1. Between a first residue in region 19-44 that is farther than 28 Å from GLU71 by Cβ and a second residue that is modelled with pLDDT under 95 and away from the ligand (no atom under 15 Å from the Cβ), which pairs have beta carbons less than 7 Å apart while being 6 or more apart in sequence or on different chains?
2. Contact list please: Cβ distance under 6 Å, first residue in region 164-187 and within 19 Å of ASP122 (Cβ to Cβ), second residue open to solvent by 60 Å² or more (accessible area, probe 1.4 Å), pairs at least six apart or on different chains.
3. In region 126-142, is there at least one residue being within 13 Å of the ligand (Cβ to nearest atom) and more than 19 Å from LEU180 (Cα to Cα)?
4. Read through the list (1) touching a residue at least 24 places away in the same chain (Cβ under 8 Å); (2) crowded, with 19+ Cβ neighbours inside 10 Å, then give the number of the only condition that GLY47 fails.
5. Take the residues in region 83-106 that are closer than 22 Å to HIS173 by Cβ and more than 13 Å from the ligand (Cβ to nearest atom); name whichever of them is farthest from the chain's Cα centre (by Cα).
6. Kindly indicate whether any position in region 50-62 is modelled with pLDDT under 95 and part of a helix (DSSP H, G or I).
7. Out of ARG55, ARG73, ARG93, which single residue is surrounded by 17 or more Cβ atoms within 10 Å (Cβ to Cβ) and closer than 21 Å to GLY9 by Cβ?
8. Looking only at residues that are assigned to a loop (DSSP other than H, G, I, E, B) and hydrophobic (A, V, I, L, M, F, W, C) in region 149-189, which one is nearest to the chain's Cα centre (by Cα)?
Amino acid sequence: MRVVILASGRGSNAEALCLAQQAGRLGRAEIVAIFADRLEAGILALGPRLGVDARYLDPAPFKTKLEGEGELRYIEAVAACAPDLIVLAGFMRVVKPGFLAAFAGKVINLHPSLLPSFPGLDGIGQAFRHGVKFTGCTVHYVTPEVDAGRIIDQAVVRIEASDTEDTLAAKIHVAEHGLLVDVVARLSR
Ligand code: GAR
């Protein structure tokens, strides 16, 4: 199963997937490319170390969504990888119907809350400020409605009285790495 990752940030989830593949824990999944929409994305520096082609791909003209010329560039580059699965691993941009139609049923997203609670930006901070006692992370299929597609799996994280937003974020990231690796391995079978 050929997997393409789209990311915007430090790329710890993309790294977890690559390391799992190296350790033989990613089932039949093979990470074939990582595309980042920000030149500063940490994952671009990690690419060579992980032995995966990691490239910046210009998402312009929009800042918060992938549409117009940027969308066409992404469709062309991703299609050239002949992917069976596209993983949005911290891709901080709304993916629109054009891209989703090009890869129907193949795009999944990782979100740092127990959806349908706390969709959108800053899922971790939203949950922390709300005062819920359990939060976590979700992997779901991507549909045009943000963070609303069918849920594939979730992992629960308890918020302790001693947690700060930073310690909570660290716990959620650990949970995300395990969840995402599990889901991709399962989908590859
Ligand atoms: C992850 O926490 C992921 O859930 C979140 O971005 C982070 C990326 O971390 N995604 C979203 O908030 C999407 N709405 P990473 O760059 O270290 O993998």
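The values are calculated or read from the model by the stated rules, or taken from the named source; none is laboratory data. In this text the structure is predicted, and so the values were computed from the model without any measurement. Every residue, glycine as well, gets a Cβ built from its backbone with ideal geometry; the counts of neighbours run over all protein chains shown. We work out accessible area using only protein heavy atoms, side chains counted, and drop any ligands, DNA or RNA first. Shrake-Rupley method; radii C 1.70, N 1.55, O 1.52, S 1.80 Å.
1. Taking only residues 6 or more apart or on different chains, the pairs are GLY27/ARG189; ARG28/ARG189.
2. Filtered contacts from region 164-187: GLU165/PHE128; LEU168/PHE128.
3. We begin by selecting, within region 126-142, every residue within 13 Å of the ligand (Cβ to nearest atom); these are 126-127, 135-140, 142.
Filter once more, keeping what is more than 19 Å from LEU180 (Cα to Cα): 126-127.
Checking region 126-142: at least one residue is within 13 Å of the ligand (Cβ to nearest atom) and more than 19 Å from LEU180 (Cα to Cα).
4. GLY47 satisfies all of (1) touching a residue at least 24 places away in the same chain (Cβ under 8 Å); (2) crowded, with 19+ Cβ neighbours inside 10 Å except (1).
5. So the residue we want is LEU85.
6. Yes, that holds for at least one residue.
7. ARG93
8. For region 149-189, the residue satisfying everything is ILE159.
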